[in-house]
Amino acid sequence: MNIKVVSRILEANDRLAEDNRKIFRDSNVYVINLMSAPGAGKTTLLERTVSGLSGKKKIGVIEGDIATDSDAQRIAALGVPVVQINTGGACHLDANMIREALSGLPLKDMELLFIENVGNLVCPAEFDIGENEKVMILSVTEGDDKPLKYPLMFERASALVINKIDLLPFVDASVQKIREDSLRLNPGMRIFEASAKTGSGLQPWFEWLNQKGK
Ligand code: MG
Ligand code: ZN
């Protein structure tokens with residue numbers, strides 16, 4: 001019985017996600033669903049990305065958090081349109097939440113929309129929100145066992161940013177293991193190694209994004 005209820009929720013979500021996808025397509029907005037554990041550096045990477053693509057792409061952001069608007073304030077400080085979704089406890093974003101947030105964004109004046117999902121390595125990957133692509137961030141401080149422990153995220157994301165590489169001297173994680181395990185789960189995955197904090201390694205990421213929606 002429970003399984004039936006869950007599958008019906010996912011079916012309803014998929015229909016709403018298709019509606020969102022049509023809205024994005026009609027507005028010529030390319031959408032990236034950014035997923036990671038809490039603290040992996042999603043918002044810091046977005047801050048760098050807004051600066052890195054300045055003058056190249058018109059960017060908008062939807063921030064998803066259980067509570068607070070602190071991430072939206074960080075993005076708003078950069079002068080790009082942003083809407084904060086507070087899920088009030090839900091550990092992922094769903095298509096209906098995105099639909100509600102769209103009225104607060106100037107879609108016609110945007111080319112690239114980043115949706116920062118709630119920090120969580122499990123269910124954000126299960127919910128289609130109408131995005132073009134899912135992108136993951138894994139920071140080296142989380143350990144190199146995460147691809148094999150949370151395979152769905154790594155299977156569904158088209159790209160992976162291995163973040164906080166400036167901290168590699170202080171942690172046991174092997175970037176090579178993260179790469180190998182991720183590519184075994186998802187052979188087509190594009191992988192970047194970067195530090196969103198220092199800005200190093202981000203140029204290939206900017207160039208990859210700059211091709212999106214063209
Ligand atoms: Mg954040
Ligand atoms: Zn969830």
Where Lys and Arg each count +1 and Asp and Glu each count -1, what net charge lies around residue 195 among other residues with Cβ under 15 Å from its Cβ? 0
Would you mind putting 158-167, 15-24, 28-37 in packing order, based on average other-beta-carbon counts within 10 Å, highest first? 28-37, 158-167, 15-24
With N set to the number of residues, divide the alpha-carbon radius of gyration of segment 94-180 by 2.2 N^0.38 Å and report two decimals. 1.28
Once you place label points 7 Å from the Cα toward the Cβ at residue 90 and residue 73, how far apart are they in nm? 2.5 nm
Only helical DSSP H runs with n ≥ 4 go in: add -39500 (n - 2.57) per run for the chain, normalise by residue count and round the 222 nm mean residue ellipticity to 500 deg cm²/dmol. -11000 deg cm²/dmol
Can you find, among 73, 51, 96, the residue farthest towards the positive end of the dipole of segment 42-101? Put +1 on the C-beta of Lys and Arg, -1 on that of Asp and Glu. 51
With +1 on each Lys and Arg Cβ and -1 on each Asp and Glu Cβ, and nothing else charged, work out how big the dipole of segment 1-134 is about its Cα centre, in Debye to the nearest 20. 260 debye
Calculated P(r) tail over 21 Å for the chain, as whole % of Cα pairs: 52 percent
At 20 Å minimum axial length over the Cα atoms and a Kyte-Doolittle cut of 0.5, report the qualifying DSSP H helices in the chain, or say none. none
Once you've got the Cα coordinates, tell me which of 4/212; 57/177; 108/134; 58/177; 4/57; 22/177 are over 32 Å apart. 4/212; 57/177; 58/177; 4/57; 22/177
Can you sort 68, 87 from fewest to most other Cβ atoms within 10 Å of each residue's own Cβ? 68, 87
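We did not get these values from a lab; they are worked out from the coordinates using the rules stated. The model shown is predicted, which means the values in this text are computed figures rather than measured ones. Heads up, the Cβs are rebuilt from the backbone with ideal geometry, glycines too, and the neighbour counts pull from every protein chain shown.
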